[in-house]
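First comes the structure, then the notes that go with it.
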Amino acid sequence: MRTIILGVCLCTAACGGQGLNSPTSPTSAAVANSPTSSPSATVAPVQTQAKGATQLPFNGSFTLETSAVVNCPPTCPPTTLRITGTEEGHATHLGRFTAESLDVVDIVTTRSTGTFNFTAANGDQLFTTTVGREDQFIPPNSSHVSFVATIVGGTGRFVAASGTFTAHHISSIDFAEATASGSGSFEGHIDLNK
């Protein structure tokens, strides 16, 4: 029974992605129901200066490794799943980066909330909060997840940053080990407030 619950949890959470149908998501219904949403979204070319505005394109790609912890006990059957992840990639305004993610998934609604925090090669950090969910599960173990991230500041050149981006990733789940690995991409905008 525990293995089945963990499997369902991992399927629905699938690496801690964040849902696009959240009432707090800035693009919720339009993006979630878009027929063009794709796990292999194309990353736009790099643009480093805004033309007459402070919003700059923010795009990138990454690989990820995640693991899940089921809170059972103390609550059995569990009501939430905690997923931690490490990511590596390349993005506009960051260059090469590493990231850490943490997501708490409500097993009943399959929605999750969390964080996805970047560290650039020079040590500057960019902090985000996320909301998301699994878009599709393809048996036996492939999961597509989308999430919307809100940029909430950072350190160094990102200390007053704001903006949003949408990310998509696809992962292969190892149910026996409660881990997953995969790749993804994101696109949106960032305001460096400079």
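The values are calculated or read from the model by the stated rules, or taken from the named source; none is laboratory data. What you see is a predicted model, and the numbers here were worked out from it, not measured in a lab. Don't worry about glycine lacking a Cβ; one is built from the backbone with ideal geometry, like all the others, and counts go over all protein chains shown. Keep in mind that these areas ignore ligands, DNA and RNA; they rest on the heavy atoms of the full protein, side chains included. Shrake-Rupley method; radii C 1.70, N 1.55, O 1.52, S 1.80 Å.
Here is how the numbers come out for the structure above:
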{"item": "Karplus (6.51, -1.76, 1.60) ³J(HN,Hα), θ = phi - 60°, over the range 179-188, in Hz, Gly and Pro reported as x", "result": "10, 8, 9, x, 8, x, 8, 8, 8, x"}
{"item": "Globularity index of the range 51-176, i.e. its alpha-carbon radius of gyration over 2.2 N^0.38 Å", "result": "1.15"}
{"item": "Probe 1.4 Å, protein heavy atoms only - accessible area per residue of the range 95-143 in square angstrom", "result": "48 Å²"}
{"item": "Peptides ranked, highest mean first, by Cβ atoms within 10 Å: ranges 105-116, 124-135", "result": "124-135, 105-116"}
{"item": "Theoretical gain in end-to-end length, residue 63 to residue 138 [0.36 nm per residue, Cα-Cα removed]", "result": "25.1 nm"}
{"item": "Carbon + sulfur, % of accessible area of the range 92-194 - ligands and nucleic acids excluded, 1.4 Å", "result": "54 percent"}
{"item": "Debye intensity ratio in log₁₀ form over the Cα atoms of the range 56-102, taken at each q of 0.30, 0.31 Å⁻¹", "result": "-1.01, -1.04"}
{"item": "Distance in nm between pseudo-label sites at residue 155 and residue 193 (7 Å out along the Cβ direction from Cα)", "result": "1.8 nm"}
{"item": "Residue-wise HN-Hα coupling along the range 167-177, computed from phi with Karplus coefficients 6.51, -1.76, 1.60 (Hz; x: Gly, Pro)", "result": "10, 10, 9, 10, 9, 9, 9, 9, 5, 5, 9"}
{"item": "Debye equation applied to the C-alpha atoms of the range 144-194, log10 I(q)/I(0) at 0.28 Å⁻¹", "result": "-0.97"}
